[in-house]
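Okay, structure first, notes after.
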Amino acid sequence: MENRVKEIRTKLNIQQKDLAQLVGISRQTLSLIEKGEYNPSLKLCVSLAEELQTDLNTLFWH
Amino acid sequence: MKETFFIKVVKWYYGINRPFDEYSEKVVNEAGNKVAVGLIAFLLLSSCLSMILINVLNSYNVLTGLIFMDLIAIVVASGYMGRLIKKHGFDYYEYDSKDERNACIKNYIFSNMLTLIFMWVLLYTSALWSNNVGGFFFFYFVVCNVGIIIGMYADYRRKFKKA
């Protein structure tokens, strides 16, 4: 599933490792999400949207 | 994610050195289900076969064969899980500083010590079963331990080699 996680993360100048730690996942899992190779659970999607100060629609549907 | 004691045991057993998040849990659960189905099928088959063979062969030989087949099944299942863990890179440590690297190395040594103790128990019980706790067992014990330690050191070099 394509998303804008990497785009918004880099815009906010947050390191991959830091964002992964904030949402409670490994850096490897976050990398897979950013590449669209893993579809996160709704709970994880909400956590990512909160940390990236955006909403689910902007992050995952565009 | 707070890790329970059970998750820590699962991580130690499978050699997972990353946070046990939803992705690793999904991969491990899927593989675990395949292994469980395979082992259940194997246990059913081996039990039926043992019940048939015990009427034809010596019961001690049937028991010996059953023990070996069970150990082979454990090796195959563990090998499959180990290959999967390596394929997804779950066994690699992540560290950015020298302190984090040292903490990972301590964790690595502790988990390998537990594995070594587990192997010693397995070796000793197999020697007791074969009534062979003597000179040959000591030689076999030393050779196995040297092999295990060499393997652990090679693994340590692979995981912690400095860039």
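The values are calculated or read from the model by the stated rules, or taken from the named source; none is laboratory data. All of these numbers come straight from a predicted model, not from anything done at the bench. When we count neighbours, we look across all protein chains shown, and the Cβ atoms used for this are built from the backbone with ideal geometry, even at glycine. Side chains are part of the model used for accessible areas, which takes the heavy atoms of the whole protein and leaves out ligands, DNA and RNA. Shrake-Rupley method; radii C 1.70, N 1.55, O 1.52, S 1.80 Å.
For the reader, a short list of remarks on this structure follows.
- Matching residues, the stretch A:6-40, being in contact (Cβ under 8 Å) with a residue 24 or more places away in the chain and either touching a strand residue (DSSP E or B) at 6+ places or on another chain (Cβ under 6 Å) or within 14 Å of another protein chain (Cβ to nearest Cβ) (or both): A:19, A:22, A:23, A:30, A:33, A:34, A:36, A:39
- For residue A:49, the stated conditions hold: it is more than 14 Å from chain B (Cβ to nearest Cβ) and outside any loop (DSSP other than H, G, I, E, B).
- Residue-level check: of (1) surrounded by 13 or more Cβ atoms within 10 Å (Cβ to Cβ); (2) part of a helix (DSSP H, G or I), residue B:16 misses just (2).
- Scanning the stretch B:72-98 for residues that are open to solvent by less than 40 Å² (accessible area, probe 1.4 Å) and part of a loop (DSSP other than H, G, I, E, B) yields a total of 4.
- Apart from one condition, residue A:24 fits all of (1) within 23 Å of residue B:26 (Cα to Cα); (2) open to solvent by 80 Å² or more (accessible area, probe 1.4 Å); the exception is (2).
- With respect to the conditions (1) out of contact with any helix residue (DSSP H, G or I) (no Cβ under 7 Å at 6 or more places or on another chain); (2) without any contact (Cβ under 8 Å) to a residue 40 or more places away in the chain; (3) more than 17 Å from residue A:26 (Cα to Cα), residue B:42 falls short on a single one, namely (1).
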